[in-house]
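The values are calculated or read from the model by the stated rules, or taken from the named source; none is laboratory data. Quick caveat, the model's predicted, so the values are computed rather than measured. Heads up, the Cβs are rebuilt from the backbone with ideal geometry, glycines too, and the neighbour counts pull from every protein chain shown. What goes into the accessible areas is simple: the full protein's heavy atoms, side chains included, and nothing from ligands, DNA or RNA. Shrake-Rupley method; radii C 1.70, N 1.55, O 1.52, S 1.80 Å.
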Amino acid sequence: MDKKVHELLNTQINKEFYSAYLYLDFSNYFKARGLDGFANWYMIQAQEERDHAMLFYQYLQNENQTVTLEAIAKPDKSFASHMEVLEAGLEHEKYVTSLINDIYAAAYDSRDFRTMQFLDWFVKEQGEEETNANDMITKMELFGSDPRSLYLLNQELAARVYTAPSLVL
Ligand code: FEO
């Protein structure tokens with residue numbers, strides 16, 4: 001495997017674990033404010049990010065490439081409103097999309113078609129992740145300022161259940 005592709009794939013393990021840590025922090029934010037449905041939604045989001053990390057980990061191992069685990073950064077943002085949390089979520093997903101695109105470009109440059117095929121799932125997934133983050137913002141804009149509507153939105157988000165990723169390596 002090309003050195004740059006290998007490095008980027010290995011770094012992505014860390015980035016996905018950081019995403020899990022970030023969303024766990026979001027979950028913690030909402031739990032502390034009595035919004036258990038939002039806390040549930042982000043707890044499941046954190047689980048999905050751990051799955052993403054493990055897919056990169058597994059892929060490198062399957063390709064007989066070394067895996068090097070690095071320190072996971074501290075999620076250190078503080079938020080003045082619920083909306084700021086959701087906006088940080090969208091911003092973060094756009095950043096992750098750019099990272100996936102960078103790996104894809106490096107794989108393309110080195111004619112690493114297997115890695116491109118592996119990344120196809122993530123390209124699609126990032127589209128869904130950005131849509132979900134956008135939807136959260138839209139719903140908060142519509143319902144966040146009315147306590148009864150926020151209560152119902154919180155209930156809706158409480159219904160989210162974890163499903164394993166559709167990509168199996
Ligand atoms: Fe692993 Fe939220 O993308």
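A count restricted to segment 18-37 and to residues that are open to solvent by 50 Å² or more (accessible area, probe 1.4 Å) and over 15 Å from Ala88 (Cα atoms) stands at 5. In the set (1) farther than 19 Å from Glu141 by Cα; (2) within 15 Å of the ligand (Cβ to nearest atom); (3) touching a helix residue (DSSP H, G or I) at 6+ places or on another chain (Cβ under 6 Å); (4) open to solvent by less than 80 Å² (accessible area, probe 1.4 Å), Asn40 fails one condition alone, (2).
Entry remark, segment 84-105: residues being without any contact (Cβ under 8 Å) to a residue 12 or more places away in the chain, closer than 18 Å to Tyr23 by Cα and among the hydroxyl-bearing types (Ser, Thr, Tyr) number 1 in total. Scanning segment 49-72 for residues being open to solvent by 40 Å² or more (accessible area, probe 1.4 Å) and more than 15 Å from the ligand (Cβ to nearest atom) gives a total of 11. Scanning segment 42-74 for residues that are of a type in the set (A, V, I, L, M, F, W, C), more than 18 Å from the chain's Cα centre (by Cα) and part of a helix (DSSP H, G or I) returns a single hit, Leu60.
Taking the condition without any contact (Cβ under 8 Å) to a residue 40 or more places away in the chain and surrounded by 15 or more Cβ atoms within 10 Å (Cβ to Cβ), does Tyr108 pass? Against the criterion (without any contact (Cβ under 8 Å) to a residue 40 or more places away in the chain and surrounded by 15 or more Cβ atoms within 10 Å (Cβ to Cβ)), Tyr108 does not qualify.
Condition check ((1) open to solvent by 20 Å² or more (accessible area, probe 1.4 Å); (2) touching an Asp or Glu at 6+ places or on another chain (Cβ under 8 Å); (3) within 11 Å of the ligand (Cβ to nearest atom)) across all residues:
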{"position": "Ala88", "(1), (2), (3)": "no, no, no"}
{"position": "Ile100", "(1), (2), (3)": "no, no, yes"}
{"position": "Arg114", "(1), (2), (3)": "yes, yes, no"}
{"position": "Leu119", "(1), (2), (3)": "no, no, no"}
{"position": "Glu128", "(1), (2), (3)": "yes, no, yes"}
{"position": "Arg148", "(1), (2), (3)": "yes, no, no"}
